[in-house]
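Right, one structure below, let's go through it.
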Amino acid sequence: MPPAATPSHEATTLIDELLAQERNLTAVDRFSQWHGRQTPSSDTRPASRLYRSLLPLHAPGPGEQYAFEVDLDRCSGCKACVTACHALNGLEDGESWRSVGLLVGAPPPASPAPALLQHVTAACHHCLEPACLHGCPVLAYEKDPGTGIVRHLDDQCIGCTYCIMMCPYEVPRFSQRLGIVRKCDLCSERLVAGEAPACVQACPTEAIRVTHVAVRDVRARLLPALPASSNRSKINPFLPSAPDPILTLPTTRYSSERLELASMRSVDLSHATPAHGHAPLVIMLVLSQAAVGVFSWRAWMPSATPTATVWLGLAMLVLALGASVLHLGQPRRAWRVFLGLRRSWLSREAILLGALLPAALAATVLSPESAAAPLAAGLAALLGWASIGASTMVYAATGRPYWSAAWTASRFVGCTLALGSGLVGALSPLPDPWLLLSTLAGLLGAGLSLAPDLMLWTHRCSTATTALARTAFLLSGRLRFRWRARLGLAAAGMVALIASWLASPNHSVELRWIAVVCLFATTLLERHLFFTAASPDRMPGNVPA
């Protein structure tokens, strides 16, 4: 008969117990053992350097949250943090949640020292007022009330990429394979297990760590008692050459003992490359605004707007809504767009355009003699102009100077007036007073659409260190042929409008159609440049190729 099994605790030796403890040490135990091996008497470093931990040993308290802290003096630009983040999170080729940029500066006068260089590692800043969260139309973002971590909910995302436009640091990344956006969540699952995030753990110089920050201190540091003047453009309390922190209140803390850091700037500050063209959005905006112009004429002057013209406006609206769905990475989830109505302008724009469709259908089907026709046409015009206002705010809310509310409204209102008046004038036999009014409305619309381009011209000769200056250099450089074509077509359309009013009735219609074709072409180019030429401020990058 075999002997009875010996209980495990009786078979365990003291060495076995010690080895088991070594395998299950907590962060406090590991720090205690590390401290015991040090010789503080021979270490002349400050206590803040000697007692350095990669992450806090407890969760944030009331009024606190987790945040990254970066010691720029320790960052060597090796990009081990980028590699670790990519490997641990299983990111795709070309997808990165952490980047390493470069700041440069001139040496002191009469100094033989070379140019000053400073590497900057950056990821999501888990802002106090995250723009990605406020802009998302489907509530695919949440800010944890206990830790302050801004998480992206992949199963909610529809792939509209609006959060990328909203975030001044362009933190979210779009995955072509998945059709959704993804971003850094500070390796929250590792934090729960007492492990440092991948980037923190991989940094060989311990330049990155996770710490607690008091919300009140972050606001005090980033919102100094300065008037809203040019002083804010000279003093960036967050990081040189970074976007103004007042937009989102980022919590990452960059520290350095180099006094010259404040005068350094991003190595790619004056470099601009064309952005994504967003062709579906170009089609959606142009066609929907042209349709609003047609239905505005239908509501104002129903007798001069025949049914054929209104049917064309309805067809353009349907095509616009179809194109907007093609922009999404997850088109089947488009119905969720109403979820962000309370805080997202994109949700409001989508809902207004969706409500415009049945109103436009009613205004098209009903006979002008019907008692309900004026009400339907007026409702369609009202919803249409409300959607244009929402579209304006969709882009103005991003804080990009090229997409300012005044300039964007000028473009969108000008497109509505020019295309709507042009189509009505080309398809309708307007009497002389109304033909003149249609011509003036078209000229006014074309002029409003051109105004931002003419105002931007003043930035061509300025130093390309501002967003508008970079856009101006981009339009006069890599995009100059498209920009010149846009200006030439706009001028041709305006000349054709004037000639159609001065010409005899036999040639007026042909000239009107020439004007419509030129105005449509210039508006499509303008809207393409609206997306590709925007060059917002961003985190420091690398040496341009």
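The values are calculated or read from the model by the stated rules, or taken from the named source; none is laboratory data. Treat the numbers as computed from the prediction; the structure is a model and nothing was measured. Please note: Cβ atoms are built from the backbone with ideal geometry, for glycine as well, and neighbour counts cover all protein chains shown.
Could you tell me which numbered condition PHE473 fails, if it satisfies all but one of (1) over 24 Å from the mean Cα position of the chain (by Cα); (2) modelled with pLDDT of 80 or more?
Of (1) over 24 Å from the mean Cα position of the chain (by Cα); (2) modelled with pLDDT of 80 or more, only one is false for PHE473: (1).
Just checking, which of LEU497, LEU489, LEU456, LEU479 is under 24 Å from the mean Cα position of the chain (by Cα) and modelled with pLDDT of 85 or more?
Residue meeting the stated conditions: LEU479.
When you go through LEU419, LEU383, LEU436 one by one, which is the residue that is within 15 Å of GLY313 (Cα to Cα) and touching a residue at least 60 places away in the same chain (Cβ under 8 Å)?
LEU419
Return a yes/no flag: does the range 191-202 have any residue that is surrounded by fewer than 15 Cβ atoms within 10 Å (Cβ to Cβ) and modelled with pLDDT of 90 or more.
No, every residue in the range 191-202 fails to be surrounded by fewer than 15 Cβ atoms within 10 Å (Cβ to Cβ) and modelled with pLDDT of 90 or more.
Restricting attention to the range 295-346, which residues are surrounded by 19 or more Cβ atoms within 10 Å (Cβ to Cβ) and of a type in the set (Ser, Thr, Tyr)?
SER296, THR305, THR309, SER324, SER344
Between a first residue in the range 273-285 that is under 24 Å from GLY420 (Cα atoms) and a second residue that is crowded, with 17+ Cβ neighbours inside 10 Å and aromatic (Phe, Trp, Tyr), which pairs have beta carbons less than 6 Å apart while being 6 or more apart in sequence or on different chains?
If the second residue must be crowded, with 17+ Cβ neighbours inside 10 Å and aromatic (Phe, Trp, Tyr), the pairs left are HIS278/PHE531.
Conditions tested, residue by residue: (1) crowded, with 18+ Cβ neighbours inside 10 Å; (2) out of contact with any Phe, Trp or Tyr (no Cβ under 8 Å at 6 or more places or on another chain).
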site	(1), (2)
ILE149	yes, no
ILE158	yes, yes
TYR162	yes, yes
GLY179	no, yes
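Working carefully through the options LEU247, LEU261, find the one that is in contact (Cβ under 8 Å) with a residue 40 or more places away in the chain and either within 22 Å of the chain's Cα centre (by Cα) or surrounded by 23 or more Cβ atoms within 10 Å (Cβ to Cβ) (or both).
The unique qualifying residue is LEU247.
Can you give me the number of residues within the range 500-535 that are at pLDDT below 90 and of a type outside the set (Phe, Trp, Tyr)?
The qualifying residues number 13.
Among the listed residues ALA376, ALA334, ALA372, identify the single one that is over 17 Å from LEU281 (Cα atoms), touching a residue at least 12 places away in the same chain (Cβ under 8 Å) and among the small types (Gly, Ala, Ser).
When all the criteria are applied, what remains is ALA376.
Looking at the range 120-229, what helices (runs of 4 or more DSSP H) fall wholly within it and have at least 3 residues that are over 24 Å from the mean Cα position of the chain (by Cα)?
In the range 120-229, 188-192, 198-202, 215-222 are the helices (runs of 4 or more DSSP H) which contain 3 or more residues that are over 24 Å from the mean Cα position of the chain (by Cα).
Restricting attention to the range 386-407, report how many residues are assigned to a helix (DSSP H, G or I) and either touching a residue at least 24 places away in the same chain (Cβ under 8 Å) or touching a strand residue (DSSP E or B) at 6+ places or on another chain (Cβ under 7 Å) (or both).
12
Anything in the range 73-88 that is among the small types (Gly, Ala, Ser) and assigned to a loop (DSSP other than H, G, I, E, B)? List them, or say none.
Answer for the range 73-88, where residues must be among the small types (Gly, Ala, Ser) and assigned to a loop (DSSP other than H, G, I, E, B): SER76, GLY77.
Evaluate the range 368-385: report whether one residue or more is of a type outside the set (Ser, Thr, Tyr) and under 20 Å from the mean Cα position of the chain (by Cα).
No, the range 368-385 contains no residue that is of a type outside the set (Ser, Thr, Tyr) and under 20 Å from the mean Cα position of the chain (by Cα).
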